[in-house]
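Working notes, beginning with the structure itself.
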Amino acid sequence: MGEQAGINTAKEAADDKLILAFGRLQGAANRLEYILGRALEEECGISHLMFEVLLILGRAGAPGLPMRAIAQEQVLTTGGATRLVDRMEAAGLVARAESPDDRRGKLVRLTELGETTTVRASRVHLENIERYFVQPVPPEDRERFAEDLRILSHAARDLLPRLP
């Protein structure tokens, strides 16, 4: 396979254009995650992952979402999602409620504090997205860049197995 791909040495691997491009994408994502996540923690007291869950719940509206749906959206195990929601519930950001469709199931929904935190964190996040994610891209390329990211995200999402 290495010969077919034109890679026969570590140097060739390190200099491969596709490997470099993907590495840059991953590096940019990791660095931006750190920068934007740190701002959310410092200015709003929540992690970036908590913020993402708040957004998922905000999008869902009342009466909320089952834990399985939160786990699926965040590519977490249901146990990981449960531990995260436990911390968010302890912080007063979310509450669990009985599911009208499943007597055994619980739904997770935003509390009033969760709603206000989502709005405040979104304002901080948008400002930082503009500064660190949008401004470095030339204005004439921004719309295409956003569309390309949507395509990549959906293609990758569609390859993942769905939780039962």
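Only one of the numbered conditions (1) under 14 Å from the mean Cα position of the chain (by Cα); (2) at pLDDT below 95 is violated by L54, and that is (2).
Of all residues in the range 57-80, those satisfying the criterion of being among the hydrophobic types (A, V, I, L, M, F, W, C) and modelled with pLDDT of 90 or more are L57, A60, L65. Evaluate the following for L152: is it open to solvent by 70 Å² or more (accessible area, probe 1.4 Å), out of contact with any Phe, Trp or Tyr (no Cβ under 9 Å at 6 or more places or on another chain) and assigned to a helix (DSSP H, G or I)? For L152, the condition - open to solvent by 70 Å² or more (accessible area, probe 1.4 Å), out of contact with any Phe, Trp or Tyr (no Cβ under 9 Å at 6 or more places or on another chain) and assigned to a helix (DSSP H, G or I) - is met.
Considering I35, I56, the condition of being closer than 15 Å to N128 by Cβ, aliphatic (A, V, I, L, M) and touching a residue at least 12 places away in the same chain (Cβ under 8 Å) is satisfied by I35 alone. Selection of the range 70-118 for residues being open to solvent by less than 30 Å² (accessible area, probe 1.4 Å), among the aliphatic types (A, V, I, L, M), under 26 Å from D158 (Cα atoms) and not in a strand (DSSP E or B) yields I70, A71, A81, L84, V85. Of the residues L36, L54, L126, the single one that is over 21 Å from R157 (Cα atoms), open to solvent by less than 30 Å² (accessible area, probe 1.4 Å) and part of a helix (DSSP H, G or I) is L36.
The values are calculated or read from the model by the stated rules, or taken from the named source; none is laboratory data. These numbers come from a predicted model, not from an experiment. Cβ: placed from backbone, ideal geometry, glycine included. Neighbour counts: every protein chain shown. Accessible surface areas use protein heavy atoms only, side chains included; no ligands, DNA or RNA. Shrake-Rupley method; radii C 1.70, N 1.55, O 1.52, S 1.80 Å.
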